[in-house]
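The values are calculated or read from the model by the stated rules, or taken from the named source; none is laboratory data. Small disclaimer: the values here were computed from a predicted structure and weren't measured. In this analysis, Cβ positions are derived from the backbone assuming ideal geometry, glycine residues included, and neighbour counts consider all displayed protein chains.
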Amino acid sequence: FSKSRRKVLEEKEEKMTNFWLKCAISSFLRIDNPNEFDRNLLIQLVKRTSEFTADEVNGYHRFVLVLYQIGITVLTQPYISGTKSHGGTIIVAGKPCIVITDMGKKFHKLWISLLHELYHVINDYEMLESIEYHFSTPDYPDLLMNEQKADQFALNILINPAVQQNLSKVINFPYKVKELSYKLGVSASIVYGVYLESLPDGREKQQLFAKLSHFLHTSSYSSSLIFVLQGP
């Protein structure tokens, strides 16, 4: 019984994932980004990520629109039941296209997921061209891609590794976190999020997430972003 049930769940997940992928490709083809992909500009933009995260209301939208201008189309969507992917990257018409799942509706997770996918665009573009698509799913890591490096890249872009090492000293003092976030030019929610996501999985991490969750800003992405990109 358990094997049969597991097989049914796996088949259902596969069908939902294929549906998710087909919808994404259809949207990317409809948007048809006219801008040429510029890897060098992408690298320069990623270095300036912090200034966008400081704007908790519109920063993510602005960043996505700048990506569009350098040839990268990003769609952000709510979690779809039956799928587990935090994000995915597809090369459509010779240009990188990214889907981000608003997993848990957390501001910091949106940024981490997006930067994770941008790591693959910067470092694994030829590999992405040779495969149909890439999904970033923690439970089933892609053996062709270095998911750990992509995760660490995202955290390091948001907060310098040297600063990350000392976050435990300030994380329980909201006023110190606020001072640090101001100094770094990032949202305080990013400081909390990077600290929590960098912890090893386990009971302690779960307890700290529960303790600090009220400091994590809720995401506010626009589900109508696709129409903004399409224009009138």
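Taken together, the residues in region 51-105 that are out of contact with any helix residue (DSSP H, G or I) (no Cβ under 8 Å at 6 or more places or on another chain), modelled with pLDDT of 95 or more and surrounded by fewer than 17 Cβ atoms within 10 Å (Cβ to Cβ) amount to 1. Beta carbons closer than 7 Å, at least 6 apart along the sequence or on distinct chains, pair a first residue in region 46-73 that is among the basic types (Lys, Arg) with a second that is assigned to a helix (DSSP H, G or I) for Arg62/Phe52. Output the residue which, of all residues in region 1-44 that are aliphatic (A, V, I, L, M) and modelled with pLDDT of 85 or more, is nearest to Ile90 (Cα to Cα). Ranking the candidates gives Leu29 first. Of all residues in region 201-217, those satisfying the criterion of being hydrophobic (A, V, I, L, M, F, W, C) and in a helix (DSSP H, G or I) are Leu208, Phe209, Ala210, Leu212, Phe215.
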